[in-house]
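Asks: There's a structure below that I have some questions on.
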Amino acid sequence: MANTILVGAQWGDEGKGKIIDFLTEEADIVVRSQGGNNAGHTVIVGGTKYVLHLIPSGILRSKKMCVIGNGVVIDPVAVQKEIDGLRGQKIKVSKDNLLISDCAHLVLPYHRALDEQREMKKGKGKIGTTKRGIGPAYGDKAARVGLRMADLMQPALFSEKLEQRVKENNAVLKAFGAKPINFKAVNTAYLEAGKALAPFIGNTVVYLHAALKAGREILFEGAQGTFLDIDHGTYPYVTSSNTTAGGACTGSGVPPHRMDRVLGVMKAYTTRVGEGPFPTENAEISDMLHGMGREFGSTTGRARRCGWFDAVAVRYAGMINGIDDIAVTNLDGLDSLPTIKICTHYKLGRQTLEVPPSDFAQLTNCQPVYIEMPGWQTPTHEAKKFSDLPKTAQTYLRKIAELSGAKLTIASVGPNRDQTIVV
Ligand code: GDP
Ligand code: IMO
Ligand code: MG
C-alpha cells in the first residue's frame, strides 16, 4: 500500500475513520499526527459502532500498530477514558499496539475553560468550537509555555510547571469572570492518568524511522478537514492545527520524501459543523439528511450543516494536499434525489472564481454556480462493485473525480466496513 497520507478534503467528518479502518487491512502502522479529541471518527464493524477521538481508527484491527505523534494535543484523562471504553468493547489496547509521543502537548482544564470563555465572549461571532480546549492548547505550544507528555512522566517537574501555569491562567480566567482552576485537583487527576499512560509513552520518531527502514507501510490518519486547516482553511473559522498533508510530516517526524501517496476523503455532498462560510449550504439537503437520522456530529452531537458537493473547494484541497486518489463516501445519502447539483465555480460580483478566495468575508459573498446531474433514485447500499451502481451514480462519481483532478479509488455506500467499493 506504500506510505499514504489520508486527509479530509472538505470541512471534516468526510468519513475518514471508516476509510482508515478499511485501508488498515493493508497497512502495518496507523499514525495520528495532528488535532486532539475535537475529532470524532465513527467506524462500524460487524454491527458494532466505535467512535474514536484520539486513538487512531487502526486500533480496531488488533495486529496493527497505532501511533499518536508529536503533533497531536492530548487530554490524558480523555485518552485514558477512550482506552477504557475501547477495552469495554473488547478492543485490545496495549503497549504492543499503541505508542504515544513524549513530545505531544497536553490539553489542560484551563485550555477548555478558556476555549469556552472566548467563545462566549465572541457571542454571535463565535467559531462554534468543540470546546475541547484545542485552540488554547496549540496557542500555548506556539507560545512555548505548553506542558508535554514528557513533563507528565516526571511528576515533581510536572507539578511545579503546572502550578505556575494554573496561576497564570487563573488570572486570565478571573478577567473573564470565570471560575478558577483548582491546581491540586488537576494535579492529582493528571498524575493518575499519566501513571496509567506511562507504558504507552515513547519516542515515536525513532519508532517510525525504524519501521520505515524495515519496509513497514504507514497510513497517516488525518483529523478534521482541509478547510479547517489553520493556514489554508476559512480562517478564523478553523481549528488550530495543520489538517492538510504537510501536517502529517511535521506531526510525526516522517520526512516528505518518504510519503508515497495522498488520498483525499470527501463526501458525495458537503457538510460543516460549527460556524463559518459554506457556499453550497442548502436547507433542503440538510432537512433530508437529518430526516434520515444522518449528519449529527460524533463528538458534540450537533446537527451538521449540509449542502451540495463543492468542486471549487475540493479542487483547492487537491492543490494544497497533492491529492493523488479520492475516496467518495456517503454516496447512498443522495439515493432519493431526482437531480443533484455540483458547484463548479463561484461568482464574486462580476468575477468567476476557480478556487475559494482567502478572505472569509469574500467567501461569504461568493455565489455558487452549479451544474445539474440526473439522480439515480435507487438504493446503492448493497452495491459491492462499481458496476453494481446505477449508471447515473457511476457518472456522478466520475464527474466528481474529474472536477477534483484526482483518481477515484474508493466509493462508500454505507457506514459498515463491507459497504466499501474499490474502484
Ligand atoms: P470522520 O470524522 O471523517 O471520520 O467522519 P465521521 O465519522 O465524523 O462522520 C462520517 C459519518 O458518516 C459517520 O457517521 C460514518 O459512520 C458515516 N459514513 C461513512 N461513510 C458512509 C457511507 O458511505 N454511507 C453512510 N450512510 N454513512 C457513512
Ligand atoms: P473530524 O476529525 C468537523 C470544527 C469545529 C469548529 C472548528 C474549531 O471528526 O473530521 P476546535 O474545537 O477544533 O477548536 O473547533 O473546527 N471541528 C470539526 N468539524 N470534524 C472535526 O473533526 C472537527 N474538529 C473540529 O466544529 O467549527
Ligand atoms: Mg468526525
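Asks: Whether any residue in region 381-402 is open to solvent by 30 Å² or more (accessible area, probe 1.4 Å) and among the hydrophobic types (A, V, I, L, M, F, W, C) is what I want to check.
Replies: The answer is no, given that none of the residues of region 381-402 is open to solvent by 30 Å² or more (accessible area, probe 1.4 Å) and among the hydrophobic types (A, V, I, L, M, F, W, C).
Asks: Can you tell me which residues in region 237-260 are within 16 Å of ligand 2 (Cβ to nearest atom), of a type outside the set (Ser, Thr, Tyr) and either touching a strand residue (DSSP E or B) at 6+ places or on another chain (Cβ under 7 Å) or open to solvent by less than 30 Å² (accessible area, probe 1.4 Å) (or both)?
Replies: 238, 245, 247, 248, 251
Asks: When residues of region 27-48 are filtered for being more than 26 Å from residue 102 (Cβ to Cβ), away from ligand 3 (no atom under 13 Å from the Cβ) and in a strand (DSSP E or B), how many remain?
Replies: Count: 3.
Asks: Could you check region 216-236 and list, in sequence order, the residues that are closer than 25 Å to residue 100 by Cα and either within 16 Å of ligand 3 (Cβ to nearest atom) or open to solvent by 20 Å² or more (accessible area, probe 1.4 Å) (or both)?
Replies: 216, 217, 221, 222, 223, 224, 225, 226, 228, 229, 230
Asks: Just one of 176, 158, 183 is buried (at least 20 other Cβ atoms within 10 Å of the Cβ), touching a helix residue (DSSP H, G or I) at 6+ places or on another chain (Cβ under 8 Å) and in the same structural domain as residue 109 (by TED's automatic domain parsing); which is it?
Replies: 158
Asks: Go through region 189-235 and report how many residues are over 18 Å from residue 75 (Cα atoms), touching a Lys or Arg at 6+ places or on another chain (Cβ under 8 Å) and more than 16 Å from ligand 1 (Cβ to nearest atom).
Replies: Here the count works out to 1.
Asks: Which one of these is basic (Lys, Arg) and within 23 Å of the chain's Cα centre (by Cα): 407, 399?
Replies: The unique qualifying residue is 407.
Asks: In addition: What are the residue pairs meeting all of these: first residue in region 232-253, first residue assigned to a loop (DSSP other than H, G, I, E, B), second residue of a type in the set (D, E, K, R) and away from ligand 3 (no atom under 16 Å from the Cβ), Cβ atoms under 8 Å, and 6 or more apart or on different chains?
Replies: Here the result reads 237/275; 242/231; 244/231, each pair linking region 232-253 to a residue that is of a type in the set (D, E, K, R) and away from ligand 3 (no atom under 16 Å from the Cβ).
Asks: Now a separate question. Given the criterion at pLDDT 95 or above, closer than 21 Å to residue 214 by Cα and more than 16 Å from ligand 3 (Cβ to nearest atom), identify the matching residue among 91, 5, 74.
Replies: Answer to the selection: 5.
Asks: Follow-up. Helices (runs of 4 or more DSSP H) wholly in region 66-145 with at least 2 residues that are surrounded by 23 or more Cβ atoms within 10 Å (Cβ to Cβ) and assigned by TED's automatic domain parsing to the domain that holds residue 254 - which ones?
Replies: Passing ranges, in order: 76-88.
Asks: Would you point out which residue out of 144, 216 is basic (Lys, Arg) and in contact (Cβ under 8 Å) with a residue 40 or more places away in the chain?
Replies: Every option except 216 fails the conditions.
Asks: List every residue pair whose Cβ atoms lie under 9 Å apart, where the two residues are 6 or more positions apart in sequence or sit on different chains, the first residue falls within region 322-339 and is at positive phi, and the second residue, located anywhere, is within 16 Å of ligand 2 (Cβ to nearest atom) and not in a loop (DSSP other than H, G, I, E, B).
Replies: Partner pairs satisfying both residue conditions: 322/5; 322/245; 330/267; 330/271; 330/289; 330/412.
Asks: Here's a follow-up. So how many residues does region 1-26 have that are in a loop (DSSP other than H, G, I, E, B) and either closer than 24 Å to residue 270 by Cα or within 10 Å of ligand 1 (Cβ to nearest atom) (or both)?
Replies: Of the residues in region 1-26, 7 are in a loop (DSSP other than H, G, I, E, B) and either closer than 24 Å to residue 270 by Cα or within 10 Å of ligand 1 (Cβ to nearest atom) (or both).
Asks: Only one of these conditions is not met by residue 408: (1) within 16 Å of ligand 3 (Cβ to nearest atom); (2) under 17 Å from residue 264 (Cβ atoms). Which number is it?
Replies: (1)
The values are calculated or read from the model by the stated rules, or taken from the named source; none is laboratory data. Because the structure is predicted, anything quoted here is derived from the model rather than measured. No Cβ is skipped: glycine too gets one built from the backbone with ideal geometry, and neighbour counts run over all protein chains shown. Ligands, DNA and RNA are stripped out before the accessible areas are found, and what is left, the full protein with its side chains, is counted by its heavy atoms. Shrake-Rupley method; radii C 1.70, N 1.55, O 1.52, S 1.80 Å.
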